[in-house]
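One structure below.
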Amino acid sequence: MARREYELEDISREAPEKPTKSIEPPKLGKHLAAQLVFALLLVLMSPKLPRDMAIVLGSVMALFIALTLLASRPLVFQLAPKFSGIMARGFAKAITLVSALLTFEAFLAWMGFEDDVLGILLLPISLLVIFYAAYVMLTSAYREGYY
């Protein structure tokens, strides 16, 4: 009878709670600040740029800033098996690189060099930057645990 009472008492005690995993948002402030600087430079150059180019580049820069803000939220990338923010930082780095490239393209147009040698060299440089940005995003996804 004592054994039965002991077992009933043991069963009635609540199990200790499992510690919850705390997801810390990745720190993307330096990437966001760099993108804001690139956007500000674009705004400063926009009066001398072709109107269509200024609108398109400005829209793309605003989209990049919004995507970086979204990537800084932990719920976006918490589906990874071992979330640590590596993928979010890689994504923000890649977007910042492409923002720098867009600002450089706007600078060349602003200075009137788009039809010069620099403008011609811009295509292979652009492809290299875009491929490197894709490489950064893919390797950060792999290191985060998406494979």
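Of all the residues in segment 84-132, those that are touching a residue at least 40 places away in the same chain (Cβ under 8 Å) and within 19 Å of residue 28 (Cβ to Cβ) number 17.
For residue 64, the conditions (1) modelled with pLDDT of 90 or more; (2) in the same structural domain as residue 128 (by the TED database); (3) aromatic (Phe, Trp, Tyr) all hold with the exception of (2). Just give me the residues in segment 126-144 being surrounded by 14 or more Cβ atoms within 10 Å (Cβ to Cβ) and more than 13 Å from residue 90 (Cα to Cα), in sequence order. 126, 129, 130, listed by residue number.
Among the conditions (1) in a loop (DSSP other than H, G, I, E, B); (2) open to solvent by 80 Å² or more (accessible area, probe 1.4 Å), the only one that residue 113 does not satisfy is (2).
The values are calculated or read from the model by the stated rules, or taken from the named source; none is laboratory data. Quick caveat, the model's predicted, so the values are computed rather than measured. Backbone-built Cβ (ideal geometry, glycine too); neighbour counts: all protein chains shown. Side chains included, ligands, DNA and RNA excluded: accessible areas come from the protein's heavy atoms. Shrake-Rupley method; radii C 1.70, N 1.55, O 1.52, S 1.80 Å.
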